[in-house]
Structure formats: C-alpha cells, structure tokens
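Colleague: Below: one structure in structure tokens.
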Amino acid sequence: MTAFSDNLISIGQQISDARIRFHAAQSVTLCAVSKAQTAQAIRAAFEAGQTVFGENYLQEALTKQAQLQDCAIAWHFIGPIQSNKTQPIARHFDWVHSVDRLKIAQRLSDARPPELAPLNICLQVNISEEASKSGASGQELLELALNIKQLPHLHLRGLMAIPAPCNDFEQQRDQFRQVRALFEQLNHHGLQLDTLSMGMSGDFPAAIAEGATLVRIGAAIFGVRPPKPQPDSVTEGN
Ligand SMILES: *Cc1c(COP(=O)(O)O)cnc(C)c1O
C-alpha cells in the first residue's frame, strides 16, 4: 500500500459521503490532477486503481505519458491552451477541459487524428467575470457551444469551471450553482451535455452538491505540490 492509495480511498469515501448527504443522483468521476508529480507517482496511483489523470502543462505531460505507455490511463488536459499547442494536445489526450474560444476548438478538431474517437471537450466558463481569468462568459457560451457542436472530430461533453477560491461552504456552493445553471440552460437548447467538471481539493463536496460529475483533485491525493514548473510559453516560445 502506498500513501496515495490511502488518499485515494479517503477521497473516494468523501465523494460517496457527499453524494449521499446532498442526494446527488449523478455519478462522480475522480480525475487525479498530476501536474508537477513524477511519472513514478502517477504509476503508483495507477497501480492503486486510479485511471483518470489531469495535466496542465503540455511538455511535462508528454514526457510522463511516454514513460507510462503501458498504463491504460485516460488523459485529461486541464491547463490553458496556446493555439500553437493544439496539435499535440489533440493527439495525446482523451479530454480537454479548458476550451474557451472557437479558434482553439477548430484547431483541436482539425488536428484530432480521425482514427481516434472524437476528442471530448468541456468549455471553461468564467463565472466570476474577472478579466484576468480564462473562460468564456455566460453570454458567449451558447453561441460557442452551438458552433463547437458542429465540429466533426470533437465531442462536446460539458462545462468546466475554476471558481475563485474561498473557504465558506455556502459561498462555494453559490458559485457552483451558477455553473450548474449555465449547464442546464445549454441543455434546454438541446446540447445534450453530460459532464460538469468542477470541484478541487478544497471545494469538491460543494461541487458535488451542485451536480459535479467530475472532480479534479491534486493536493488531496498527492500532497502539496512542489513549486510550479515554468509554463510552456516561457520555455518554448509562443
Ligand atoms: C491544479 C488544478 C486542480 C487541482 O487542484 P488541487 O487544489 O491540487 O486539488 C484542478 N483543476 C485545475 C484546472 C488545476 O489547475
């Protein structure tokens, strides 16, 4: 048994406790966020039964994927996307959660190898409407979703949000409720979305209370991260 397996068991228990407590009918997938973790750490978590992993930095992810080819992992890209990185993202991931512009979606669709299943997409929404944060605003969302729905090599699955961090449960829940409302609006327009990607180590029970179907958890599984690596833009140019 590794420390990760204890943490994974504990998180699994907390997810099921939250589902019961808030009468959440949806199933909840745990995406283990492995940014800044080594390939060995990912392998240990995989051997403990975790199969879904999320990465933020392309180059770091590709290096680790090459070392983990023997593991049947579903890779989710959850970091900011530069338009010159869409080709490797479209080739090496199963899901992308951080799409907030049509141009990026078009490039991902064009670059998705046709022999692979369509790339699963979540649109990142910005509910706090802070100019500094990425994500589409509520007003832009419907048009963006309808356009992305037409792209041949993408499968639009849902919404992703990273609300402003806060410690108050009810405030966390208020923010997730706004994301859920946008999700329901899109479904009223016939978009057939099935994925609400929201909730991190500090707020996932509140996200589950508001309908999260996928929680993205890093620190609570792997421990507090070492300092952030250089973003791709610094090391590789834009
Ligand atoms: C780092 C990160 C997470 C995980 O955050 P923790 O607080 O470590 O659980 C989830 N989603 C995104 C987009 C992230 O960048």
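The values are calculated or read from the model by the stated rules, or taken from the named source; none is laboratory data. Predicted model, so just to flag it, every value in this text is computed and none were measured. Counting neighbours? That spans all protein chains shown, and the Cβs are built from the backbone with ideal geometry, glycine included.
Colleague: In segment 178-199, which residues are buried (at least 16 other Cβ atoms within 10 Å of the Cβ) and either within 16 Å of the ligand (Cβ to nearest atom) or of a type in the set (D, E, K, R) (or both)?
Modeller: Kept after step one, since they are buried (at least 16 other Cβ atoms within 10 Å of the Cβ), are these residues of segment 178-199: 178-180, 182-183, 186, 191, 193, 195-199.
Val179, Arg180, Thr195, Leu196, Ser197, Met198, Gly199 - these are the residues of segment 178-199 that are buried (at least 16 other Cβ atoms within 10 Å of the Cβ) and either within 16 Å of the ligand (Cβ to nearest atom) or of a type in the set (D, E, K, R) (or both).
Colleague: Working only within segment 61-85, note down all residues that are more than 15 Å from the ligand (Cβ to nearest atom), buried (at least 16 other Cβ atoms within 10 Å of the Cβ) and under 16 Å from the mean Cα position of the chain (by Cα).
Modeller: The answer is Ile73, and nothing else.
Colleague: Follow-up question, since we're still on this one. Please give the number of the condition Pro80 fails out of (1) at pLDDT 95 or above; (2) of a type outside the set (Val, Ile, Thr); (3) over 17 Å from Met198 (Cα atoms).
Modeller: Every listed condition holds for Pro80 apart from (3).
Colleague: Of a type in the set (A, V, I, L, M), in contact (Cβ under 8 Å) with a residue 12 or more places away in the chain, in contact with a Lys or Arg (Cβ under 9 Å, 6 or more places away or on another chain) and under 20 Å from Ile217 (Cβ atoms): is that true of Ile78 in this structure? Full working, then the answer.
Modeller: Values: of a type in the set (A, V, I, L, M): yes; in contact (Cβ under 8 Å) with a residue 12 or more places away in the chain: yes; in contact with a Lys or Arg (Cβ under 9 Å, 6 or more places away or on another chain): yes; under 20 Å from Ile217 (Cβ atoms): yes.
Yes: the conditions hold for Ile78.
Colleague: Next question, about the same structure. Mind checking which residues of segment 1-38 are within 21 Å of the chain's Cα centre (by Cα), surrounded by fewer than 17 Cβ atoms within 10 Å (Cβ to Cβ) and small (Gly, Ala, Ser)?
Modeller: Within segment 1-38, Ser10, Gly12, Ser16, Ala25, Ser27 meet the criteria.
Colleague: Gly202 fails exactly one of the following numbered conditions: (1) buried (at least 16 other Cβ atoms within 10 Å of the Cβ); (2) touching a residue at least 24 places away in the same chain (Cβ under 8 Å). What is the number of that condition?
Modeller: (1)
Colleague: Also: Mind listing whichever residues of segment 89-99 are more than 21 Å from Ala32 (Cβ to Cβ) and surrounded by fewer than 21 Cβ atoms within 10 Å (Cβ to Cβ)?
Modeller: Selection gives Arg91 alone.
Colleague: With Ala45, Ala18, Ala36, Ala24 as the choices, which residue is in contact (Cβ under 8 Å) with a residue 24 or more places away in the chain, more than 30 Å from Asp110 (Cα to Cα) and either more than 16 Å from the ligand (Cβ to nearest atom) or part of a loop (DSSP other than H, G, I, E, B) (or both)? Lay out the reasoning, then the answer.
Modeller: Details: Ala45 fails: either more than 16 Å from the ligand (Cβ to nearest atom) or part of a loop (DSSP other than H, G, I, E, B) (or both); Ala18 fails: either more than 16 Å from the ligand (Cβ to nearest atom) or part of a loop (DSSP other than H, G, I, E, B) (or both); Ala36 fails: more than 30 Å from Asp110 (Cα to Cα).
Checking each option against the conditions leaves just Ala24.
Colleague: Within segment 87-103, can you find the residues that are free of Cβ contacts under 8 Å to residues at least 40 places away in the same chain and over 16 Å from the mean Cα position of the chain (by Cα)?
Modeller: Of everything in segment 87-103, those that are free of Cβ contacts under 8 Å to residues at least 40 places away in the same chain and over 16 Å from the mean Cα position of the chain (by Cα) turn out to be Gln87, Pro88, Arg91, Lys103.
Colleague: Now for a different question. Testing Ala111 on (1) closer than 27 Å to Arg225 by Cα; (2) aliphatic (A, V, I, L, M); (3) away from the ligand (no atom under 16 Å from the Cβ), one condition comes back false. Which one is that?
Modeller: Checking Ala111 against (1) closer than 27 Å to Arg225 by Cα; (2) aliphatic (A, V, I, L, M); (3) away from the ligand (no atom under 16 Å from the Cβ), the one that fails is (1).
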